Structure formats: structure tokens, C-alpha cells
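Below: one structure, written as C-alpha cells.
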Number of protein chains: 2
Amino acid sequence: MAATFAQPHAHGRLFSTSPLPKPTKNLRSPFTVRMSLQETGPSIAVVGVTGAVGQEFLSVLSDRDFPYRSIKMLASKRSAGKQMTFEDRNYTVEELTADSFDGVDIALFSAGGSISKQFGPAAVEKGAIVVDNSSAFRMVDGVPLVIPEVNPQAMRGIKVGMGKGALIANPNCSTIICLMAATPLHQRAKVLRMVVSTYQAASGAGAAAMEELELQTREVFLHLSILIYILCVQYAFNLFSHNAPVLPNGYNEEEMKLVKETRKIWSDLDVKVTATCIRVPVMRAHAESVNLQFEKPLDEDTAREILKNAPGVVVIDDRASNHFPTPLEVSNKDDVAVGRIRQDLSQEGKLDIFVCGDQIRKGAALNAVQIAEMLL
Amino acid sequence: MAATFAQPHAHGRLFSTSPLPKPTKNLRSPFTVRMSLQETGPSIAVVGVTGAVGQEFLSVLSDRDFPYRSIKMLASKRSAGKQMTFEDRNYTVEELTADSFDGVDIALFSAGGSISKQFGPAAVEKGAIVVDNSSAFRMVDGVPLVIPEVNPQAMRGIKVGMGKGALIANPNCSTIICLMAATPLHQRAKVLRMVVSTYQAASGAGAAAMEELELQTREVFLHLSILIYILCVQYAFNLFSHNAPVLPNGYNEEEMKLVKETRKIWSDLDVKVTATCIRVPVMRAHAESVNLQFEKPLDEDTAREILKNAPGVVVIDDRASNHFPTPLEVSNKDDVAVGRIRQDLSQEGKLDIFVCGDQIRKGAALNAVQIAEMLL
């Protein structure tokens, strides 16, 4: 039996996030120049435009016909001067400086926490609304931490054209993907406790980690020494506890994001979460096994119906043909897929589910652009 | 930084379990012929000798200097007649028939459940003690289900030379690996509930699945169509819910093995287990994320000390350097590795741990040979 190869990422190298490919437009002809939109709409800046998420920002903006009057491509000094094409216009990547945000309405940041800390407040001061994909401001009081399908109310009152800058934080990828599925169930039956085990893709560690996984796999086949630059152990045909630093309580920072961000997003300081975050040799979509304990009883059929009707969620739960969500099936897709929805045998009123979502897309760029859409 | 390449499997193809490689002996010169041992000891039969576990039976027998007077290499008609060398003697693979067990003392079976059902009782009738790696008899009353470090008492009284055949079942790989770590903690504090998420290797689906993962990965690099023969979805750079059939309760058979076998091995019908079993693109070692709830409080330091002293267990739990168990590190190793030992933040008196073990070795062949050793 031959299967169509669902290639994890279409442009550039095999799984490429190599610098500056032309973002593909899924929905429209690449020759459509959106002149009318480009004369209205906000002025945008993309910070970290050469990275995996930065590139995906552009793809998503294009796919969703996001209106803009101008767009600035910002990156580190190292990338400054590179040429790129976006929606049939040529751009030169500019070096990010404190002056980059003059006249910018919306700045999409994905260049790491230290860049966000350094330049985010400066951008806000200049009147930009910053949607920040780093962890820098997520837990700061007063900074909305937003999944548009989950807690849009957290950013109420923040709009482009009010003449005021603001910071909005994009949650961590594994939090977004988990809560896209858990929230509709939480709204019905109130989640008291979640036990989460993740299966996280290379993309979460950036384009270089994706490349390392690809190169190491080639090295295995060529019987070469395995070169390790980005991650701390061999990644090809292996998996390992998430590379985030481990805290004194034994949890790593990635796991604590799930614990803390869930509380903030749900405005529920009592919800109990434990998580074990593992990186697996998959390119760009995360999976999560989630055990849910509720305050009110919730049976699996009701849960499945709730999830079928949840925005941004697709249910793939075909027991007869053993078809459930996989990372490849959700790669380059907007929706988070949920399956293995079943009554937990070990305790009444609990459920087990299995969730997959594109880490770069809904886990990062799409969520940020959806936030930006709400600013207009 | 260059890392030594810990190749997942040493002989034959890249990750080979291709038919009939000469098993390597890790501990002794390959030129040592154990003539003295070969004149004493039991008469052994290996059923399914051309499979991944069958080959590993031979490796483990050799590595552990298992005494035997003779050894029969048994497989299906298709493989009959193949030549193989083991411990410097030549063997011809024989077709498995009801007459294969004349004079056999110990029969190691790993040829699937239907072969075990067909030939296991016949072997017992001829006076052989069958150590069966399939699921055929695991849950049958009166058939001991044994992990030697966990419940050796279950096979009390069964010995070679008593003139009586018997059936002993080897637990499923994911059960063995989980319980190697959970049992020492259970013995101290009594486990009430376990939430398990697995990261299972190709080897659990047999040598052909390992080959499929390797070939599909090559196909990805060569931009070829991905051929799917053994498993139901693309495996290269992907993961998927375990391929075992899904039961009406929504659990698949692999998950129910963890639930039911744990109860039988611990002789504890009350222990609550839920499991989500996922196959990941790793060759031959399983990983499991396990959340444990106890009757008595158990702190993480005590748990770590207990595990450090547990037979067949090694603790890899270095938070400072983010070094925890990985499948590659335990591949071709006997011990099950445990790490990420920490107090569960979400509920008092619970622990989270992360376990890795070689699926073919402790998860199958080693455990069976350890059982056979207890028969002598």
C-alpha cells in the first residue's frame, strides 16, 4: 500500500525552516497583490522574521488576508540586509533597534525572551501593541495571556487606533494545544486536576533544532558521528526530557508553564496540573496525553459532542479503524485535533484524551495573528 | 561538539533485526566454545527464532552463559531450512510442529499468540516448561505471570527435572518496564492509582516494523512515496496511538494489558491504572511517563533511595545537567532506567517518574531468560 507523503513542511529543505523562503499562500493565487488592503490596515513589524515562528507569522498573515498598510521585517544584526519576498514585494531585513517601532501599530515578536524584554517595552512606549510569543511577560500581572478561542475577554479594550501601546502575551505552545481541547470540557464540568504527558516536536526548540534532527538522521544513515549542537543528547531515533532548565522542585520550566499559564488563562488559581514534557523526533507538531478530573461528572459521549462543536478543534476519534490524531496529520493545519476520548477506567468521572496541534502554527504564529485580528 | 554514536542495534543492517545474524556476545570472546556447559544443562527450544525477540533470546542466553545441553531453532515453514550460527555451532532452522518438543526441557516462545495457543499446550504435554512471550496465556488462571525481580514467588515449585511441563507467561513489555520501577515504591507505600503515558519503540511491533521505520525515513530523505506495510500510518517523523485493536471501552489492547497485568502481578485487584499507549519513532526501547498515587505518603528523596537499591533498576536523575533516561541510553542494556523522580505538584503524596527500558531485552527476551534461570 502506498500512502501519499504528507510532507511536514513544504518549502526549502526537506523540513525546512531555512531562512527567508517565500511564504506560501494556501488559499489564493500567489500573483494576487493585495493593493487595496495594503493601503489601509495597520503598520506591522515582525520581530525575529528569519526564525521558524517569524516565517510562519508571514505565512499566516498571508493565508488569512490580514490587512496591513506596511510591514517591517526585523531581525538581529546578523540577518540584517538579507533580501526577502513577501506577497510579491521585496523587503530588506532590518536590524532590530529601539527606533524600529516608530509608526508601528502591531509588533509580532518571536525572537526569544531577552529580545522581548529589551525591545518590547520600547515598542509599547512608541504606541505599538506588542503580541509577544516569548515567555518574558506571560506571568506579569496586567499582561493579558490570550488564546482567542479561550479567553478573548482578557484583552478587552485593547485596540489599534486608540493611540496607546500595550503588551499581550502568547501562551506557550504546549499550553495552547492542551487548553484548546481542555477548555470546552472545563467550561462544562470544571477541571479540578490535569495530568499531562507531552510528545513535543523539534520546532519548539527553533529552526536550528529541526535542522539538527534532520542532519542527525542523515548521519545515522551514513554511519557518521552524530553531531550535537543545539540539544544536549542525540535526537535522531531518540527522545528525551525537555531541554528547558530543571527547577529545584524537579519540574522543568516547560512543565511549569503548563501549570502556571493554565491557572492564569482560566483565571483559576485552584486548578491542579502536573506535567511531564518530553521531546520526540517529530518535526513541527506536538502531541499531549491528558488525564482530566472534573468537579461535575462528564461522560465521554458528552465530551465528544462538546469537542466537536468547539472552535478551532477537530475530533479524530475513529476506534474501529484505529484513526486518531497524529502530528503529521495536523502539521500545517490550524485546528487542534483531539481523539482517544474515553472514560478513565481508574476513577469515576475522569476522562483521558489525546491532543495534537501544529506547534509553529496554533502553538505560536496562528495564535498570535488571531490575537492581532482582535486588535483591529 | 561530537558525540559518540550509540547505535541502537549493532549487527546486520542499520538497526537490524534482519534474519539470522550471529548474535553478539558482549561479555566473552566470540571464540569461547562452552563445551562443558553444552554437555550439561537443559535442552532448549527457541520458538520464533528468526524474529526480533527470538534473536534476542539467543543473545541473552549467550551473554548470560545460560547452560544448555542442546538447542533447537524453531520457526515457521517459511524460515525452515535457513542456516544459522550460534556460539560457533551451525544450526538449521526447523519447522515448528507438534513433534518439535520431544525431549525439550525449556521452550522459549515468541512467535505470536496464535502460535503459542496452538503449540504451547502440546509442548507442556511433552513435559516442556514453556516461557511464553505472547499474550495468549497471561491472564489465564493458574498461569504464573512473572517479572523475576517483582513476583518470583508466583512460579514457586516449577523446576526443570520435576518431570512435569508447565506454562509461564512473560508480561507485556510496557508492563515489565513500568513495574520494574513502580514495584519497589509500591512495596513501600502501596500504589493506589497509576496514570501511564507510553512512548513505545518500533521493536514492539516486531522486526518488520523496525525495518519499516528505517525504510520510511530513507524514503522521506529521497522524496519518495512513503510505503506503509506493517503499521497503519506514516511512522517516520511521526507518532501515533498504539496499533493494537481498540476495545468498546475506548482503551486499546496494549493499554488494557497494563491495567490487567499489573493487578495480576501485584496480586492486587484494587490497584487503579489508566494508560495511553503511543508509538514513537524510536527503534528498540520504550519510555513511560508515570504518575503514582500512594496509600502512604512517600517523598521523592525516599523514592530515589528505594529505586537506587532496587534490583534491575538504575537511577538517572541529574537535574543540574538535565540528564535523565533516554531510549538510546538503555538500548541493549539490561537495567530499566528511572529519572524525573519528583513530588507531584498537583496533589500531595503523589510522585511523577519517567522510565526507559529496552523493549526487546528486559521487555521480552531478558525477562524470559531470567525466568528460565529460575527453573534450573
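A short reminder: the numbers here are calculations on the coordinates, not readings from a lab. Nothing here was measured: the structure is a model prediction, and the numbers come from that model. We place every Cβ from the backbone using ideal geometry, glycine too, and count neighbours over all the protein chains shown.
Things worth noting here:
- Top of A:His323, A:His286, A:His186 by mean-square fluctuation, Gaussian network on chain A, Cα under 10 Å: A:His323
- Percent of alpha-carbon pairs separated by more than 31 Å within chain B: 35
- Within the protein assembly as shown, DSSP assigns beta bridges of which about 50% are antiparallel (rounded to the nearest 5).
- Per-residue mean of foreign Cβ neighbours for B:356-362 is 0 (Cβ atoms of other chains, 10 Å radius).
- In nanometers and ordered shortest first, the copy-to-copy spacing of the B:Asp102 label point, defined 7 Å from Cα toward Cβ, is 9.8.
- Simple spin-label estimate for A:Ser321 and B:Ile228 gives 0.9 nm between the two label positions (7 Å along the Cα-to-Cβ direction from each Cα).
- Peptide B:327-339 has a mean shielding of 2, counted as Cβ atoms of other protein chains within 10 Å of each residue's Cβ.
- Long pairs among A:Lys190/A:Lys350; A:Lys264/A:Lys350; B:Lys77/B:Lys159, criterion Cα-Cα beyond 21 Å: A:Lys264/A:Lys350; B:Lys77/B:Lys159
- Here the dipole of segment A:35-136 is about 300 debye; that uses its Cα centre as origin and unit charges on the Cβ of Lys and Arg (positive) and Asp and Glu (negative).
- Cross-link reach is defined here as a Cα-Cα straight distance under 18 Å, omitting same-chain residues fewer than 8 places apart; for A:Lys164 the lysines meeting it are A:Lys126.
- Per-pair calculated FRET efficiency, R0 = 56 Å: B:Lys126 and A:Lys296 via Cβ, rounded to 0.05: 0.40
- Shortest-first distances to equivalent copies, position B:Gln347, nm, label 7 Å out along Cβ: 0.2
- For A:Thr85, inter-copy separations between label points set 7 Å beyond Cα along the Cβ vector come to 6.1 nm, shortest first.
- Most simply put, chain A has about 50% antiparallel DSSP beta bridges, counting only bridges with both residues inside it.
- Chain A: calculated mean residue ellipticity at 222 nm from DSSP helix runs of at least 4, using -39500 (n - 2.57): -8000 deg cm²/dmol
- Residue of chain B whose Cβ sits closest to the axis mapping B onto A, with distance in whole Å: B:Ser197, 2
- Counting only DSSP beta bridges with both residues in segment A:174-360, the antiparallel share comes to about 70 percent.
- The protein assembly as shown: translational diffusion in µm²/s, Stokes-Einstein, Kirkwood Rh over Cα pairs, 4 °C, 1.567 mPa s: 47
- Its relative contact order, with pairs defined as Cα atoms under 8 Å and 6+ residues apart, puts chain B at 17 percent.
- Taking each residue as 0.36 nm, the span from A:Gln347 to A:Leu215 lengthens on full extension beyond its C-alpha to C-alpha distance by 43.1 nm.
- Averaged over the residues of A:272-278, the number of partner chain Cβ atoms lying within 10 Å of the residue Cβ comes to 6.
- Estimated inter-spin distance, B:Glu373 and B:Asp88, nm [label 7 Å along Cα→Cβ]: 2.4
- Full-extension gain in nm, A:Asn249 to A:Arg64, via 0.36 nm per residue minus C-alpha separation: 62.4 nm
- Segment A:182-290: chymotrypsin sites (Phe, Trp or Tyr not before Pro) falling in loop per DSSP and having at most 15 other Cβ within 10 Å: A:Tyr229
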